[in-house]
Amino acid sequence: MKGLRLLGDYALEFLVITLLVALSAFTILPFIPMLVGVTGYFKEDIDTRRFKDIFTTIGKNWKILIFYTLFQLVIIVFPALNIYFFNTHHESINYFVLAVSCIALIVGIFYLVTAPTVIVNMNVTLRQLFYNGIMLLFGGFLGSLISLACVAGVVALVIFYPYALPLTLYAAPFLISRMMKENFYKLKAKALKVSVFDLKKREKEDDYLDEYGMVSRGEEITENNNEES
């Protein structure tokens, strides 16, 4: 029964996350905040995460999200338009502008992979976001490689098989958030001079069972106690 329940939970997740990410991508501006919100959602285990975590994450980080969204729009959208224009108008090609556009696009994709995890787990300024985004990528070679491969796969689908793109709207954010979370654990454990296992165990100690025998996060219990007082 537990396996069947988990299957249902993941199926519902797939439908809801795919719909939310698709709608945000279609309307463009909410796309970056939605990616950060989904990263905050995937931060928790399947038994404890809820869809409202997406919007709670966005609400908690709205200030940095304004600057991060503007940064991503400039560094991804305009270079992508330049590259598309030069690929369709070869007679007007400017190799310097094309090279700068390619570099800017790579930087934008790089921070598209790392920045959401930094925002979800740390209270940072935009400058600190850029620095910690670089550090996060070097937290683990395998996790970073898988994350970048996911982005490359999505780009390939956009170019060659756009009809298959909806299948990635859940899988790509899920895998990237998981890989970057592991990188974050490794960096944090190194800074605290503890093992990754001990660090994860310490986080688990903040979880409790509620009166129904379900797992509740420590932060929720604190909020409930504040409301009762």
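The values are calculated or read from the model by the stated rules, or taken from the named source; none is laboratory data. Keep in mind the model is a prediction, meaning the values are calculated, not measured. When we count neighbours, we look across all protein chains shown, and the Cβ atoms used for this are built from the backbone with ideal geometry, even at glycine. The protein model used for the area step is the full one, side chains on, heavy atoms only, and it has no ligands, DNA or RNA in it. Shrake-Rupley method; radii C 1.70, N 1.55, O 1.52, S 1.80 Å.
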Point to revise | PHE55 among the aromatic types (Phe, Trp, Tyr) and under 15 Å from the mean Cα position of the chain (by Cα) | key: yes
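Every residue, every condition in (1) open to solvent by less than 20 Å² (accessible area, probe 1.4 Å); (2) aromatic (Phe, Trp, Tyr); (3) in contact with a helix residue (DSSP H, G or I) (Cβ under 8 Å, 6 or more places away or on another chain), yes or no:
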residue	(1), (2), (3)
PRO30	no, no, yes
LEU35	no, no, yes
TYR41	yes, yes, yes
GLU44	no, no, yes
THR48	yes, no, no
PHE51	no, yes, yes
LEU65	yes, no, yes
VAL74	no, no, no
VAL77	no, no, no
Review point. Any residue in the stretch 65-83 that is over 21 Å from THR117 (Cβ atoms) and at pLDDT 90 or above?
Key: yes
Review point. Here are some conditions: (1) open to solvent by less than 40 Å² (accessible area, probe 1.4 Å); (2) in contact (Cβ under 8 Å) with a residue 60 or more places away in the chain; (3) more than 19 Å from TYR41 (Cα to Cα); (4) not acidic (Asp, Glu). LEU137 meets all but one. Which one does it not meet?
Key: (2)
Review point. Taking THR39, is it closer than 15 Å to ILE119 by Cα, touching a Gly at 6+ places or on another chain (Cβ under 8 Å) and part of a helix (DSSP H, G or I)?
Key: no
Check your understanding: Restricting attention to the stretch 89-111, and to residues there that are loosely packed, with under 12 Cβ neighbours inside 10 Å and of a type outside the set (A, V, I, L, M), which single residue is farthest from LEU136 (Cα to Cα)?
Key -> GLU91
Exercise for review: Identify, from the list LEU148, LEU192, LEU167, the residue that is under 17 Å from the mean Cα position of the chain (by Cα), at pLDDT below 90, farther than 22 Å from ASP45 by Cα and open to solvent by 40 Å² or more (accessible area, probe 1.4 Å).
Suggested key: LEU148
Practice item. Considering each residue of the stretch 10-30, count those that are under 15 Å from ALA171 (Cα atoms) and not hydroxyl-bearing (Ser, Thr, Tyr), and give that number. Key: 11
Revision key, fill the gap. Flagged in the stretch 42-64 as closer than 15 Å to ALA115 by Cβ, of a type outside the set (D, E, K, R) and in a loop (DSSP other than H, G, I, E, B), in numbering order, are ASN61
Practice item. Say whether the condition of being out of contact with any Leu (no Cβ under 6 Å at 6 or more places or on another chain), more than 25 Å from PHE42 (Cβ to Cβ) and open to solvent by 30 Å² or more (accessible area, probe 1.4 Å) is met by at least one residue in the stretch 120-131. Key: yes
Check your understanding: Are there any pairs, at least 6 apart or on different chains, whose C-beta atoms fall under 8 Å, with the first in the stretch 47-71 and among the hydrophobic types (A, V, I, L, M, F, W, C) and the second surrounded by fewer than 17 Cβ atoms within 10 Å (Cβ to Cβ) and assigned to a helix (DSSP H, G or I), and if so, which?
Key -> PHE51/VAL16; ILE64/LEU126; PHE67/LEU126; PHE71/LEU126
Exercise for review: Quickly run through the stretch 1-46 and pick out the residues that are more than 23 Å from ASN61 (Cα to Cα) and modelled with pLDDT under 90.
Suggested key: MET1, LYS2, GLY3, LEU4, ARG5, LEU6, LEU7, GLY8, ASP9
